[in-house]
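Okay, structure first, notes after.
Derivation of every value follows stated rules applied to the coordinates shown; laboratory data play no part. Fair warning: this is a prediction, and the values are worked out from it, not measured in the lab. Neighbour counts are summed over all protein chains in view; Cβ atoms, including those assigned to glycine, are modelled from backbone coordinates with ideal geometry.
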Amino acid sequence: MPDQVSELVQLGRALAPEDRERLVDQLLESLNEPAAAELNAAWEAEIERRLADYDRGDVHAVDAEDVFAKARRIAQ
């Protein structure tokens, strides 16, 4: 029985570099799908929580210019 992985590697090496890169990216992404799905769900819950806090008036928005100005002051 031929080694399926070895065959796939040979086929992959025949691809153009851009296509090999896409293939590698997609294979790596498939390994992380369960963790990514869990992380996405956690971020969605956090976004909903923050929006609810904002809508209730529990937190207030800060202009990006103010945030960056403060960051520059801290960095000096």
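Helix 4-13 and the longest principal axis of the C-alpha atoms of the chain enclose an angle of approximately 80°. Once the Cα atoms are used to define both axes, helix 17-31 deviates from the longest principal axis of the chain by about 70 degrees. Over the residues of the chain, the helix contribution to mean residue ellipticity at 222 nm works out to -26500 deg cm²/dmol, using -39500 (n - 2.57) for each DSSP H run of at least 4.
Which angle between 0 and 90 degrees, to the nearest 10, do you get for helix 64-75 versus the longest principal axis of the chain when only C-alpha atoms count? It works out to around 80 degrees.
Look at the dipole of the chain built from charges on Cβ: of LEU11, HIS60, GLN26, the Cα furthest out on the positive end belongs to HIS60.
Computed about the Cα centre, the dipole magnitude for segment 4-75 is approximately 340 debye when only Lys and Arg (+1) and Asp and Glu (-1) carry charge, each at its Cβ. Calculated FRET efficiency, ALA42 to GLU7, Cβ-Cβ distance, R0 = 30 Å: about 0.20 to the nearest 0.05.
Extents of segment 28-76, largest first, come to 42, 34, 12 Å (Cα atoms, principal axes, whole angstrom). Stretching the chain fully between ARG50 and ASP19 yields a gain of 7.2 nm (0.36 nm per residue, less the alpha carbon separation).
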